[in-house]
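None of the figures in this text is laboratory data; all of them are computed from the coordinates on show. All of these numbers come straight from a predicted model, not from anything done at the bench. Here the Cβ positions follow ideal geometry from the backbone for every residue, glycine too, while neighbour counts run over all protein chains shown.
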Amino acid sequence: MPEDILMEERVLPANFGPLRGANGNARITGPCGDTMEFWIFAEDGRIAQATFTTDGCGNSIMSGNAAASLAEGKTIQEAVGVSQEDVLNAVGGLPEESQHCALLAANTLHAAVADYRAKHGKKKKKGSDLQTCKSDSCSAGLSRPGEKPNELEARQALRSCLSRIKHKVVILSGKGGVGKSTVAVNLAVSLMLAGKRVGLLDVDFHGPSVPKMLGLEGTPIRGEMGRMVPVELGDLKVMSIGFLLRDQDDAVILRGPIKMGAIKQFLKDVEWGDLDYLIVDAPPGTGDEPLSVCQLIEDADGAVVVTTPQDVAVAAVRKSITFCRQLKFPVLGVIENMSGLACPHCNTIIEVFKSGGGERMAREMNVPFLGRIPIDPAIGETCDAGKPYISAHAGSETAKAFACVVRPILELSGP
């Protein structure tokens with residue numbers, strides 16, 4: 001594949017975050033005050049993996065990601081040759097006032113390589129330094145066939161992070177336009193209002209809407225101790241690719257393997273801390289993002305599948321349940337969204353799209369039916385205003401329906 005296409009796909013920080021097991025590391029503060037840190041892992045004199053963090057602007061993030069991408073696969077000597085001009089070419093150019101970001105990225109990479117060289121001549125310790133689980137029955141402590149030491153450490157780091165989260169729930173739908181993100185946001189907020197510590201992860205890379213729905217658009221992500229810190233809204237921690245875009249109109253161009261790497265970093269390198277629930281809003285369909293989430297979160301409680309009542313939607317959403325079964329991923333239940341219109345004057349339910357399709361599908365496919373959520377014009381208004389519907393209209397019929405849907409999820413925590 002041509003080099004320029006690869007770099008176009010890696011404009012976003014797929015290499016963002018610390019690298020455990022790195023054998024080269026450096027941190028530099030540039031003349032503009034931006035600080036960048038690089039980690040590299042090299043085997044036999046060739047860089048197998050490179051990552052970075054920065055507290056700088058979007059141009060710093062782009063430059064760091066480009067330098068990391070350029071370094072991977074190169075020999076140590078070749079990595080030293082990565083220049084400011086190479087980084088600028090990789091990102092497609094930067095305004096003159098921001099070109100120092102590319103220089104900072106190149107210099108930090110060179111410093112990490114120098115650190116590797118300084119350590120390389122030292123005698124290695126006998127045995128493995130990998131931290132494994134104390135229990136013999138825990139697969140996280142055992143290397144899988146063909147797994148390299150750095151891959152084992154990355155998997156252990158992921159397992160360690162997820163072990164601090166009691167319940168993981170993925171919101172799925174086989175079809176777009178069914179209100180999946182609306183359900184995810186209001187489910188997360190409902191759990192928070194119930195006194196739970198909640199994380200909300202938006203992995204819809206091509207249409208991230210969670211920041212808008214929560215009024216968090218334009219909020220910058222900061223780094224702390226080499227990790228990304230999620231945006232906090234009360235007791236709700238939020239992470240989305242939308243926080244990393246230079247402009248909300250930017251198109252995200254990513255292919256499968258890079259998406260999985262980015263999702264892994266959102267799970268492993270974000271400082272989620274101790275949570276009662278992590279709600280993951282996956283994009284519609286059964287493609288790369290849902291597959292990556294289901295494979296990476298090995299101990300998830302399961303998926304909540306969202307549909308609307310029409311046969312055309314139900315037919316597509318059935319595939320999500322089949323998808324879960326093929327992956328042996330539990331299905332917590334089906335939500336029938338937009339199930340009638342709640343009249344704002346009398347609260348009578350008008351069947352705009354008819355109703356019952358989701359419940360019938362759940363019965364036929366032998367999965368739990370969690371409930372119906374009627375349409376309310378205020379949902380669109382609150383989403384656009386960045387105010388969660390469930391808190392802004394707590395007394396409405398639709399809010400009461402949300403409360404019924406949330407109850408089985410709350411019961412995962414026990415009495």
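A few points about this structure:
- Potential extension, LYS119-GLU85 segment - 0.36 nm per residue separation minus Cα distance: 9.4 nm
- In this structure the amide hydrogen of GLY302, modeled in the peptide plane, comes within under 5 Å of the amide hydrogens of LYS168, VAL170, none closer than 5 places in sequence on its chain.
- Taking all Cα pairs closer than 8 Å and separated by 6 or more residues, the relative contact order of the range 3-120 comes to 31 percent.
- For the range 299-313, Karplus couplings with θ = phi - 60° (6.51, -1.76, 1.60), whole Hz, Gly/Pro x: 10, 5, 5, x, 10, 9, 9, 9, 9, 10, x, 4, 4, 5, 6
- Pairs over the 32 Å Cα-Cα cut-off, from the set LYS268/LYS328; LYS74/LYS168; LYS259/LYS319; LYS264/LYS387; LYS175/LYS268: LYS74/LYS168.
- Summarising the label geometry, the points placed 7 Å from Cα in the beta-carbon direction at THR35 and VAL312 lie 5.4 nm from one another.
- Long-range HN-HN contacts of ALA42 with modeled amide H, under 5 Å: ASN23, ALA48
- For ASP55, the residues 5 or more places off, or on other chains, whose built amide H falls under 5 Å of its own are THR35.
- Working note: Karplus 6.51/-1.76/1.60 with θ = phi - 60° gives the range 386-391 the couplings x, 10, x, 4, 4, 8 Hz, where Gly and Pro are set to x.
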